[in-house]
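The values are calculated or read from the model by the stated rules, or taken from the named source; none is laboratory data. The structure displayed is predicted, hence computed values, not measured ones. Reconstructed Cβ throughout: ideal geometry from the backbone, glycine too, with neighbour counts over all protein chains shown.
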Amino acid sequence: MSDTSPVHAPPSRIPEPAPIALSDLRAVLLLGWRDFTRAPLFGVLFSAVYVVGGLILYAIFAAAAAEWWFIPIAVGFPILAPFAAVGLYEVSRQLERGHAPALGAVLGCVFAQKDRQVPSMSMVILLVFMFWVFIAHTIFALFFGLQPIAGSTWSMLATPNGLMMLGVGSLIGGVMAAIFYALTVVSLPLLLDREVDFITAMIASFGSVTANPGPMIAWAGVIAAGLFLAMLPGFLGLFVALPVFGHASWHLYRRVLPA
């Protein structure tokens with residue numbers, strides 16, 4: 001009887017993080033823009049899920065006069081952004097190899113990740129996002145209780161309690177975001193590119209940040225500011241920001257953890 005068990009590639013060796021400079025951030029952004037303009041269909045396709053989803057969620061909360069509940073979801077959006085980037089990483093990898101990306105091949109690669117470590121990393125991302133939403137709701141309850149909100153969301157935030165709540169929420173959210181960013185900034189492209197487990201990928205990502213604190217902190221700021229600005233015009237800016245940052249993150253991974 002022949003052995004039909006799946007054959008897996010041997011685990012990849014993770015190299016030591018390479019040093020990068022602030023100038024590398026500009027370089028990877030330009031490469032991200034180049035990849036987006038060379039294969040714009042993929043960027044529009046993957047980002048459309050977030051644009052349409054964001055608009056639907058906002059419409060639901062607005063119809064219920066509960067726009068406040070949309071704020072922690074919007075603030076936590078960067079946590080979910082790497083999901084859209086998995087397909088974009090594959091597009092950049094194909095372009096890097098000199099291939100013309102085909103929709104079937106890219107989607108096939110994305111779906112093939114179900115048998116690897118990306119689903120485990122995705123579960124971590126979802127759990128962190130759900131935990132953030134829970135924390136945000138808890139902070140709101142501590143400052144405003146469970147009574148219905150009187151007046152608009154913005155007038156509520158302008159009260160002393162509202163300002164204090166924003167301060168506490170920003171502090172806690174900032175700490176959570178910093179830890180999460182350090183563990184994931186290069187872990188997903190690493191999981192797509194090499195045979196490693198998701199724990200090793202998070203350790204490698206954390207090591208990449210600690211080895212290059214200045215540039216990696218600056219990169220976090222660029223992503224946060226870019227996504228915030230992209231969400232202002234009814235999420236439509238995400239059609240450009242998400243693909244460019246996704247492609248750029250692939251090239252940043254290549255520089256920090258070279259083959």
Given the conditions (1) surrounded by fewer than 12 Cβ atoms within 10 Å (Cβ to Cβ); (2) over 24 Å from Gly43 (Cα atoms); (3) modelled with pLDDT of 90 or more, every one holds for Gly207 apart from (1)
When segment 155-191 is checked residue by residue, the ones that are of a type in the set (A, V, I, L, M) and within 15 Å of the chain's Cα centre (by Cα) are Met176, Ala177, Ala178, Ile179, Ala182, Leu183, Val185, Val186, Leu188, Leu190, Leu191
Within segment 114-145, residues out of contact with any helix residue (DSSP H, G or I) (no Cβ under 7 Å at 6 or more places or on another chain) and either under 18 Å from Gly246 (Cβ atoms) or hydroxyl-bearing (Ser, Thr, Tyr) (or both) come out as Thr138
Does segment 186-197 contain at least one residue that is in contact with a Ser or Thr (Cβ under 6 Å, 6 or more places away or on another chain), surrounded by fewer than 22 Cβ atoms within 10 Å (Cβ to Cβ), in contact (Cβ under 8 Å) with a residue 40 or more places away in the chain and acidic (Asp, Glu)?
yes
Among helices (runs of 4 or more DSSP H) completely within segment 97-175, the ones holding 3 or more residues that are touching an Asp or Glu at 6+ places or on another chain (Cβ under 7 Å), of a type outside the set (Phe, Trp, Tyr) and modelled with pLDDT of 75 or more are none
If you go through Ala230, Ala220, Ala248, Ala201, the only one that is part of a helix (DSSP H, G or I), closer than 28 Å to Gly53 by Cβ and without any contact (Cβ under 8 Å) to a residue 40 or more places away in the chain is Ala230
Only unsatisfied item for Tyr89, checking (1) surrounded by fewer than 17 Cβ atoms within 10 Å (Cβ to Cβ); (2) at pLDDT 85 or above; (3) hydroxyl-bearing (Ser, Thr, Tyr), is (1)
